[in-house]
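Here's the structure, in structure tokens; my notes come after.
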Amino acid sequence: MDVGILGPLAVRLNGQSIVPSAGKPRQLLALLAIRAERVVTVPTLMEEIWGDAIPKSAATTLQTYILHLRRKVTAALRAGRPGAAPDLGGDAKAVLTTCFGGYRLAVRPEDSDLREFQSLAARGSVALEAGDARAASAMLERALGLWRGTALVDVPVGRVLGVEVLGMEEQRTRVLEQRIEADLLLGRHASLLAELRMLVARHPMNENLAAQLMTALYRSGGVWRALEVFQELRRTLIEELGVEPSHRLQRLHRAVLSGEPELEPRHAGLELLRAGG
């Protein structure tokens, strides 16, 4: 099985898509795919599909959706075994298993782009913490390259999937920040400017991205532009949340004003954020 979650939903078995065209079965498959190899309880599935308006017929309807998915699995298995006559119905139940209180989709970790992303992200983070910026940058870039757009962009998203998608997008942003931090450590500040300007415009209250843009601008000789980034962030935070930038970012601002050596290419600007104060 080949499972794609980091973009439009794509679930293929023997090269055949088993993604339903109808919205609610698609939601069901998406949630099972995200939580692959784990049991997703019936109440959780019902909450995702119907929210607080669960109909009396929900249990029967859910079983119908599961049957529909298993038929898609059976068709994909049959396409992969021409001329054979195995118990394809039983095989389908092995792929989409009924468990006590719920259902489980059998997917190996290496067959899911989400699991591969999380594995590469974890390895990249370890490399960054160990001071191997080059390996970290390469691994984190590979992780980000698995994304094909917004996660599950073509799936109706209910309450449960909404939380899952939010968590994935937050992981994506964190990995992006770490990859930029690694690139700053490698002295790639000039080549990061365009990307960071776009990211800061897209995430105007993200202090980490603002700090990275300030660092890249400072190292590229744009001290006054780095100060502008701080002022724009401060203005946005006050207008939107009524708060000042964190003490950590204010310390970075003071470092830019005074030209502290921590901002030179041998150091990451985010080291100031980590240090606090």
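The values are calculated or read from the model by the stated rules, or taken from the named source; none is laboratory data. Predicted model only: the values in this text are computed from it and were never measured. Glycine also receives a Cβ, built like all others from the backbone with ideal geometry; neighbour counts cover every protein chain displayed. These area figures cover heavy atoms from the full protein model, side chains too; ligands, DNA and RNA do not enter into them. Shrake-Rupley method; radii C 1.70, N 1.55, O 1.52, S 1.80 Å.
On the given criteria, is Ala210 crowded, with 21+ Cβ neighbours inside 10 Å and of a type in the set (Gly, Ala, Ser)? When the stated conditions are applied, Ala210 passes them. Taking the range 204-237 as the search range and keeping residues that are within 25 Å of the chain's Cα centre (by Cα) and not in a helix (DSSP H, G or I), which one is nearest to Leu186 (Cα to Cα)? The residue in question is Asn206. For Arg123, the criteria (1) at pLDDT 95 or above; (2) open to solvent by less than 60 Å² (accessible area, probe 1.4 Å) hold in every case but one, which is (2). Considering (1) modelled with pLDDT under 95; (2) open to solvent by less than 20 Å² (accessible area, probe 1.4 Å), the lone condition that Ala182 does not fulfil carries the number (1).
Just to be sure, is Gly187 crowded, with 16+ Cβ neighbours inside 10 Å, modelled with pLDDT under 95 and not aromatic (Phe, Trp, Tyr)? Let's see the steps before the verdict.
Working: crowded, with 16+ Cβ neighbours inside 10 Å: no; modelled with pLDDT under 95: yes; not aromatic (Phe, Trp, Tyr): yes.
Judged against the criteria, Gly187 is not a match.
Got at least one residue in the range 29-39 being touching a Pro at 6+ places or on another chain (Cβ under 9 Å) and either open to solvent by 10 Å² or more (accessible area, probe 1.4 Å) or modelled with pLDDT under 95 (or both)? There is at least one residue in the range 29-39 that is touching a Pro at 6+ places or on another chain (Cβ under 9 Å) and either open to solvent by 10 Å² or more (accessible area, probe 1.4 Å) or modelled with pLDDT under 95 (or both).
Out of Val73, Val11, one residue alone is surrounded by 15 or more Cβ atoms within 10 Å (Cβ to Cβ) and outside any helix (DSSP H, G or I). It is Val11.
Being within 16 Å of Gly4 (Cβ to Cβ), assigned to a helix (DSSP H, G or I) and open to solvent by 20 Å² or more (accessible area, probe 1.4 Å) narrows it down to one residue among Glu141, Glu170, Glu164; which is it?
Numbers: Glu141 fails: within 16 Å of Gly4 (Cβ to Cβ); Glu170 fails: within 16 Å of Gly4 (Cβ to Cβ).
Selected residue: Glu164, the only one of Glu141, Glu170, Glu164 that is within 16 Å of Gly4 (Cβ to Cβ), assigned to a helix (DSSP H, G or I) and open to solvent by 20 Å² or more (accessible area, probe 1.4 Å).
Might you check whether a residue that is open to solvent by 30 Å² or more (accessible area, probe 1.4 Å), modelled with pLDDT under 90 and in contact with a Gly (Cβ under 9 Å, 6 or more places away or on another chain) occurs anywhere in the range 84-91? No, the range 84-91 has no match at all.
How many residues, within the range 238-259, are part of a helix (DSSP H, G or I) and open to solvent by less than 10 Å² (accessible area, probe 1.4 Å)?
The number of residues fulfilling the criteria is 4.
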